[in-house]
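The values are calculated or read from the model by the stated rules, or taken from the named source; none is laboratory data. Please read all numbers here as calculations on a predicted model, not as lab measurements. All Cβ positions, even for glycine, are placed from backbone atoms using ideal geometry, and neighbour counts span all protein chains on display.
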Ligand SMILES: [Zn+2]
């Protein structure tokens, strides 16, 4: 049976918890070995999203969130953007 929370999440009204997550990484530049990523996680359905841009004055713009395909503490490998 669906709960109120499931319905809220279905309507994209997630109960977001915002945090900054530390990750080791490679592929951005030879001297960038780790990054901090702005993450938000729904307290109800555990959906995770990451913010794709640096924040401006700590403000988030709704359209720059995208689903996070990594887990906390995962080592991230980035593909080169240019050849
Ligand atoms: Zn949710």
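Restricting to the stretch 1-32, and then to whatever is part of a helix (DSSP H, G or I) and more than 10 Å from the ligand (Cβ to nearest atom), can you tell me which residue is modelled with the highest pLDDT? I'd like the intermediate steps shown before the answer.
In the first step, residues of the stretch 1-32 are kept if they are part of a helix (DSSP H, G or I); the result is 4-10.
Still in the list and also more than 10 Å from the ligand (Cβ to nearest atom): 4, 7.
Numbers: 4: 90, 7: 94.
The residue in question is 7.
Do the conditions hold for residue 69, that is, is it in contact (Cβ under 8 Å) with a residue 40 or more places away in the chain and part of a loop (DSSP other than H, G, I, E, B)?
no
When the residues of the stretch 48-66 are narrowed to those that are outside any strand (DSSP E or B) and in contact with a helix residue (DSSP H, G or I) (Cβ under 7 Å, 6 or more places away or on another chain), which ends up nearest to the ligand (Cβ to nearest atom)? Write out each step before concluding.
Narrowing the stretch 48-66 to residues outside any strand (DSSP E or B): 52-55, 57-58, 60-64.
With the extra rule that they be in contact with a helix residue (DSSP H, G or I) (Cβ under 7 Å, 6 or more places away or on another chain), the set shrinks to 52-53.
Values: 52: 19, 53: 22 Å.
So, considering only residues that are outside any strand (DSSP E or B) and in contact with a helix residue (DSSP H, G or I) (Cβ under 7 Å, 6 or more places away or on another chain), the one nearest to the ligand (Cβ to nearest atom) is 52.
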